């Protein structure tokens with residue numbers, strides 16, 4: 001999503017940055033930017049319009065306020081539970097209901113999530129648009 005955002009603004013990441021590395025985790029990105037190893041990095045922000053950078057909270061704690069958000073991509077669904085077309089609708093509905101009823105602690109332990117919400121095909125439109133921008 002960050003690459004697509006840059007491209008949509010006319011910024012070619014290959015030309016704009018000397019190096020581009022995948023550091024493997026949000027914590028690693030936040031720590032590297034805070035330590036000055038990188039000038040910019042990409043993480044998540046939840047809620048998306050919040051002014052604190054929640055993707056850096058675990059790695060940096062209060063020091064996350066030393067970083068500033070410079071751009072936000074469109075909001076997209078995080079992790080999703082999916083089922084094949086062959087999976088019976090009633091079982092999928094029961095699975096969704098069980099996940100929605102689960103305690104926050106359980107969701108956090110199992111999925112690093114704090115809740116479950118329904119999504120629609122339209123929720124994924126920003127992802128499709130981003131992918132289209134990445135293909136020449």
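Derivation of every value follows stated rules applied to the coordinates shown; laboratory data play no part. The shown structure was predicted, so the numbers you read here are calculated from the model rather than taken from an experiment. Note that each Cβ is placed from the backbone with ideal geometry, even for glycine, and that neighbours are counted across all protein chains shown.
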Task: Matching residues in region 96-120 - criterion: being assigned to a helix (DSSP H, G or I) and under 27 Å from residue 26 (Cβ atoms) - done: 96, 99, 100, 104, 105, 106, 107, 108, 109, 110, 111
- [ ] Show the residue pairs that are 6+ apart or on different chains and have beta-carbon atoms under 7 Å apart, the first residue being within region 20-40 and exposed (fewer than 12 other Cβ atoms within 10 Å of the Cβ), the second being part of a helix (DSSP H, G or I).
- [x] 20/13
Task: Residue match in region 83-90 (condition: closer than 23 Å to residue 1 by Cα and in a loop (DSSP other than H, G, I, E, B)) - done: no
